[in-house]
Amino acid sequence: MDRLTLVKRLESSSIAVFTPAQISAISEQTIESARVLLSRLADEGTIVRVKRGHYCLPSSNILSVASGIYSPSYVSLWAAFEYHGTTTQSPRIIDVINTDRSGTSELSLETGRFRLRFVNTRGSLLYGMDKVYMDGKTTFIAEKEKAVIDGLLFNDYVPLGEVVEAIKDGIDGKKAMEYARRCGKQVVIKRLGYLLSQEGIQLDPIEISKTYVPLDPSFPRRGTYDPKWRVIDNTAEVKRKITSTYRRQR
């Protein structure tokens, strides 16, 4: 199989990230020959080296590539909120939930240079993802409800306001709570229950502890206490300070 035929085959494939073993299977050559061929194609810029032994086409969608580097994995947090249309912010980083790696890397495609952040977690938390096709490539991305849960679970990666906006946009409250209980974190269950109640979605708290948790862990534990979900809404005081500062500046 010549190079042009191989590239066309890759363009029509649903696989975003490919390896020498996969190329060997479709081109009927040894894995070592496929490895050499891919290395040469990467050096000349025909394909992009994603990581050692993994490649993609430069025209591929970044979300397809990001979710195809490790298996299993899926795109979530800010990039997922953008995908679902609940944020006006364009994420500077693509978060990939996976079981293999943590850390960051950079990748250049035809659409630009991207920073990937790999969020390592246990396999039992890899659920609630949609399998979609972007430009014909298989892509795994969090459902809106799972993106909300991930936002509450990995709260250092995305502001609480993005989670709130996703909920305001409309989610399946029961599904989100099911996902929250499945993750097994009391803080996530409590914060989600409280945020849903603020949007008129009333659910019954089941087996929650008596300990109060702050709604936003980045703010002091001062605010209004909600006895139903055992949450301290510590965001109101911050909002008042911002409003007061804005009025003084005017």
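The sole residue among Thr139, Thr86 that is in contact (Cβ under 8 Å) with a residue 12 or more places away in the chain and part of a loop (DSSP other than H, G, I, E, B) is Thr86. Of all residues in region 115-136, those that are farther than 23 Å from Asp216 by Cα and either β-branched (Val, Ile, Thr) or in a helix (DSSP H, G or I) (or both) total 3. Total residues in region 15-46 satisfying the condition of being surrounded by 15 or more Cβ atoms within 10 Å (Cβ to Cβ), in contact with a Pro (Cβ under 7 Å, 6 or more places away or on another chain) and not small (Gly, Ala, Ser): the figure is 2. Of the residues making up region 106-129, those that are of a type outside the set (Val, Ile, Thr), surrounded by 15 or more Cβ atoms within 10 Å (Cβ to Cβ) and in contact with a Phe, Trp or Tyr (Cβ under 8 Å, 6 or more places away or on another chain) are Leu107, Arg117, Phe118, Leu126, Tyr127, Gly128, Met129.
Matching residues to (1) closer than 15 Å to Leu107 by Cα; (2) more than 31 Å from the chain's Cα centre (by Cα); (3) modelled with pLDDT of 95 or more:
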| residue | (1), (2), (3) |
| --- | --- |
| Ile15 | no, no, yes |
| Thr19 | no, no, yes |
| Ser27 | no, yes, no |
| Ser33 | no, yes, no |
| Ile47 | yes, no, yes |
| Tyr55 | yes, no, yes |
| Ile62 | yes, no, yes |
| Ser67 | yes, no, yes |
| Ser71 | no, no, no |
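Residue-level check: of (1) exposed (fewer than 15 other Cβ atoms within 10 Å of the Cβ); (2) under 15 Å from the mean Cα position of the chain (by Cα), Asn98 misses just (1). Of the residues making up region 113-126, those that are over 18 Å from Cys56 (Cβ atoms), more than 12 Å from the chain's Cα centre (by Cα) and not β-branched (Val, Ile, Thr) number 4.
The lone criterion from (1) surrounded by fewer than 20 Cβ atoms within 10 Å (Cβ to Cβ); (2) not assigned by TED's automatic domain parsing to the domain that holds His84 left unmet by Met177 is number (1).
The values are calculated or read from the model by the stated rules, or taken from the named source; none is laboratory data. Because the structure is a prediction, the values reported are computed rather than measured. Note: ideal-geometry Cβ built from the backbone for every residue, glycine included; neighbour counts use all protein chains shown.
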